1. Could you please let me know if Gly280 is surrounded by 22 or more Cβ atoms within 10 Å (Cβ to Cβ) and over 24 Å from Gln241 (Cβ atoms)?
2. State the number of residues belonging to the stretch 290-330 that are assigned to a helix (DSSP H, G or I), at pLDDT 90 or above and aliphatic (A, V, I, L, M).
3. Checking Gln151 against (1) polar (S, T, N, Q); (2) surrounded by fewer than 19 Cβ atoms within 10 Å (Cβ to Cβ); (3) within 12 Å of the ligand (Cβ to nearest atom): exactly one of these is not met. Which one?
4. So in the stretch 232-254, with the set limited to residues that are farther than 29 Å from Gln173 by Cβ and at pLDDT 95 or above, which one is farthest from the ligand (Cβ to nearest atom)?
5. Restricting attention to the stretch 55-83, which residues are within 26 Å of the chain's Cα centre (by Cα) and buried (at least 21 other Cβ atoms within 10 Å of the Cβ)?
6. Return the only residue of Leu216, Leu264 being at negative phi and in contact with a strand residue (DSSP E or B) (Cβ under 8 Å, 6 or more places away or on another chain).
7. Restricting the search to the stretch 263-287, which residues are touching a residue at least 60 places away in the same chain (Cβ under 8 Å), of a type in the set (Gly, Ala, Ser) and either within 14 Å of the ligand (Cβ to nearest atom) or more than 10 Å from Leu320 (Cβ to Cβ) (or both)?
8. Would you please name the residue that is farthest from Trp100 (Cα to Cα), looking only at residues in the stretch 169-184 that are within 13 Å of the ligand (Cβ to nearest atom) and part of a loop (DSSP other than H, G, I, E, B)?
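The values are calculated or read from the model by the stated rules, or taken from the named source; none is laboratory data. Every value quoted in this text rests on a predicted model; they were computed, and no experiment measured them. No Cβ is skipped: glycine too gets one built from the backbone with ideal geometry, and neighbour counts run over all protein chains shown.
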Amino acid sequence: MKLGTVAENPLEWALLRTGLVPTPLLDTIIALLLARAVMVGTKLGVFEALAAGPLPAEKIAAQCEGHPAAMEKLLSALTGAGYLRFAAGRYRLAPVARRWLLKDSPHSLYDAILLQLLDARFIEQTEAYVRSGEPVHIHEEMAGEEWALYQRGMRSGANLAAAEVALRVRLPQGAHDMLDIGGAHGYYSVAFCRRHPNLRATILDLPQAIEYAAPLLAREGMGDRVVHRAGDALTAELGEQTYDVVLIANLVHHFSDEANRDLLCRVARALRPGGIVILGDMIRPATPGAGGQIGALTDLYFAVTSESGTWSLAEMAAWLRAAGLRPRRPIHLITGPGAGLQIAGKPALPAQRSVSQPVDTR
Ligand SMILES: C[S@@+](CC[C@H](N)C(=O)[O-])C[C@H]1O[C@@H](n2cnc3c(N)ncnc32)[C@H](O)[C@@H]1O
């Protein structure tokens with residue numbers, strides 16, 4: 001999957017093949033404008049205004065409290081970009097907007113798109129990062145409302161893959177205790193617990209995250225089957241032989257190699273024999289270019305905003321082996337382009353030998 005220049009007629013197709021189309025301009029100014037139009041349209045409520053049916057521009061401007069002529073420019077941009085349709089003086093939602101951008105859609109990415117307004121500010125720091133090697137450290141720099149936006153955005157993003165992850169990961173038989181490290185809104189644990197009625201989960205996250213994640217988890221109505229615990233994954237005591245399943249989704253890209261090795265040693269101790277740990281994240285290509293656009297660009301993004309960037313499957317497997325765990329074959333997620341799972345199991349205790357019958361030596 002990649003973002004790119006797509007020809008709209010046979011002449012353009014032929015031109016593209018000659019290499020004479022100025023694709024760097026489309027990759028920059030057009031990509032920037034497209035991103036901004038979708039984010040602003042979402043924030044101003046343009047898509048929500050059209051949820052019930054087509055409207056003329058002036059009605060949309062009134063509902064979204066926008067300037068009528070300026071709103072027409074945005075609507076026209078969104079129509080050209082394929083998010084709206086225009087006919088007989090009225091705009092309506094294109095299927096892509098109805099499926100992904102309406103608040104109440106079961107696939108809604110509404111809050112994830114709003115979070116990208118904050119991401120756009122962090123991405124501004126790319127040049128400073130490349131010059132200095134100093135990332136933004138988002139978890140230290142975000143303030144109140146930004147934490148709320150972050151948590152809502154993460155919850156919305158989890159709509160994409162939570163069901164697939166819960167479906168594709170085989171849990172140990174009889175699993176009943178799960179720890180979800182950096183689990184935020186807890187939606188991955190909710191998906192596992194809905195699928196496995198005997199499972200209960202603890203979500204470990206920073207206190208500033210839990211303040212805003214708790215109402216999102218409460219909405220799921222899981223009661224005491226999915227609960228929060230405030231703590232720092234870098235230092236928290238995780239216990240000994242306490243959990244059957246430990247999930248670490250979209251967290252290791254925030255931590256250094258050393259911190260991840262240390263975390264996984266504590267996780268290995270916290271697992272019961274036969275238990276599993278699931279590392280879920282964007283996967284860094286093993287060599288530059290091998291993972292394509294999404295793998296490479298998200299590695300840069302996480303490096304700008306955190307301690308490390310994404311990790312390759314081989315790097316994750318090495319941490320797991322060093323912690324005494326046995327990596328399984330990785331799973332590439334269908335619902336999350338560029339994302340995957342590296343799972344590992346803690347060896348089960350050897351079966352107890354039955355007391356042997358006395359041998360008759362006569
Ligand atoms: C990118 S979000 C992932 C949330 C969730 N696991 C998911 O995949 O949707 C990272 C989460 O890790 C939490 N986090 C970051 N540093 C942490 C730390 N040192 N200890 C515990 N949680 C941490 C953040 O607060 C945030 O909720």
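1. So Gly280 does not fit the description; no.
2. Qualifying residue count, the stretch 290-330: 11.
3. (2)
4. Looking at residues that are farther than 29 Å from Gln173 by Cβ and at pLDDT 95 or above, I get Thr235.
5. Result: Leu78, Tyr83.
6. Leu264
7. Ala270, Gly274, Gly275, Gly280
8. Top of the filtered list is Gly182.
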